[in-house]
Amino acid sequence: MRAAVYFKHGKPEDVLQAVDVEDPKHPSHNEVLVRVLLRPVHHGDLLGVSGRYQPGSVVPKEGVRVGFEGYGIVEAAGDGVALKPGTRVAFFPGNGAWSEKAIVSAEYVTEIPDIVTDESAAQLHVNPLTAALLLRSVETSGAQPGRDVVVLTAAGSAVARLVIGLLLDRGFDVVGIVRREAGVNELNVVFPDLPVVSTDKPGWQDKVISAAGGHPIGVVLDPVGGETASAAVGLLAQGGSLVSYGDLSGQPISVPALYFSTRDIRMSGVTVGRWAGLPVEIRKADLQLALELAASKPELFQVEQTFDLADVSQAAALVEKPGKSGTVLIASR
């Protein structure tokens, strides 16, 4: 079978390649063998390929197979697993998802109902589960619907669109921040009444404050870091929170020390990488939310482009480019 592998850290589009590897063996107890048909390319996947998670780490001689999320068909199930061959499933986490076949713990496999499309199923876990984590971070921050405004940077991203939908459904006032004027119109196609501000012109911070309509900005959700996050922190009201969930810029966040002592500004972060360690009840509720979103709001699961597994380097290159309105998928039909 084919698998996406890297043999050294580096720019993902330069080091990722599809190679032939051995097929996995029959699944063991509580494991599932999935023939993977579609898998999303996340920025977090590429951070691992470039070595940013563990700088200086050594890549083993046999290389590293990439990917943790995928969608496909059950080929075989180990003892203790009720899933039948031919069942449509999505999974996360599962090592080597960017392979034509993967062995996954049954605990992290979700059966897909007929109403959910293949493309939405391929995006069922990482983005919606990150959205669920961010929603909880807003709710636990003390922000209140109808009182506090939630601001999202990189508001046109797949995760941000899901979060915006969840927040609006719960009565929160939301303001989106994008990096280019064209992104304003693209986001307003999905959310016509959403105030959206572009950072490509001076004075964008004042426009965000104006869009808040006199209400306090209680939370900023940011996957960018760098100058954008640093400026957005300054928009927070007394006791406000910045929640980081990515590092698209690769640059540090700079915050004046007095923000903490005099304004009680708080900073925290979430990552879907810790989701698998949450209590079973929380994970079940999150997955139910993800399935409901995929079934009822397919417009929030847009696909930017689908590449064949052989073109994994091209897929990685597209993910690194700004201006996308959907998720990049890799297919092996």
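Points worth noting:
- Those residues of the stretch 9-24 which are within 13 Å of residue 96 (Cβ to Cβ) and either of a type in the set (Val, Ile, Thr) or not in a strand (DSSP E or B) (or both), in sequence order: 19, 21, 22, 23, 24
- Conditions (1) among the acidic types (Asp, Glu); (2) assigned to a loop (DSSP other than H, G, I, E, B); (3) modelled with pLDDT of 95 or more; number of the one not met by residue 247: (3)
- Whenever a residue of the stretch 47-58 is within 17 Å of residue 248 (Cβ to Cβ), its partners that are aromatic (Phe, Trp, Tyr), lying with C-beta atoms within less than 8 angstrom and at least six residues away or across chains, give the pairs 47/53; 49/6.
- Residue match in the stretch 177-188 (condition: in a helix (DSSP H, G or I), closer than 21 Å to residue 324 by Cα and in contact with a helix residue (DSSP H, G or I) (Cβ under 8 Å, 6 or more places away or on another chain)): yes
- Residue among 280, 272, 243 that alone is in contact (Cβ under 8 Å) with a residue 40 or more places away in the chain, more than 17 Å from residue 153 (Cβ to Cβ) and β-branched (Val, Ile, Thr): 272
- Options 63, 94, 70; residue that is at pLDDT 95 or above, farther than 30 Å from residue 219 by Cα and touching a strand residue (DSSP E or B) at 6+ places or on another chain (Cβ under 7 Å): 70
- The residue that is nearest to the chain's Cα centre (by Cα), counting only those in the stretch 172-207 that are surrounded by fewer than 17 Cβ atoms within 10 Å (Cβ to Cβ) and either among the β-branched types (Val, Ile, Thr) or not assigned by TED's automatic domain parsing to the domain that holds residue 228 (or both), is 190.
- Boolean, residue 176 is at pLDDT 95 or above and in contact with an Asp or Glu (Cβ under 8 Å, 6 or more places away or on another chain): no
- Hits in the stretch 210-225 - residues which are surrounded by fewer than 17 Cβ atoms within 10 Å (Cβ to Cβ) and part of a helix (DSSP H, G or I): 210
- Filter result (hydroxyl-bearing (Ser, Thr, Tyr), assigned to a helix (DSSP H, G or I) and over 17 Å from the mean Cα position of the chain (by Cα)) within the stretch 121-169: 140
- In the stretch 167-220, the residues that are under 24 Å from residue 248 (Cα atoms), touching a Pro at 6+ places or on another chain (Cβ under 9 Å) and without any contact (Cβ under 8 Å) to a residue 60 or more places away in the chain: 167, 174, 175, 176, 207, 208
The values are calculated or read from the model by the stated rules, or taken from the named source; none is laboratory data. If you're wondering where the values come from, they're calculated on a predicted model, not measured in any experiment. Heads up, the Cβs are rebuilt from the backbone with ideal geometry, glycines too, and the neighbour counts pull from every protein chain shown.
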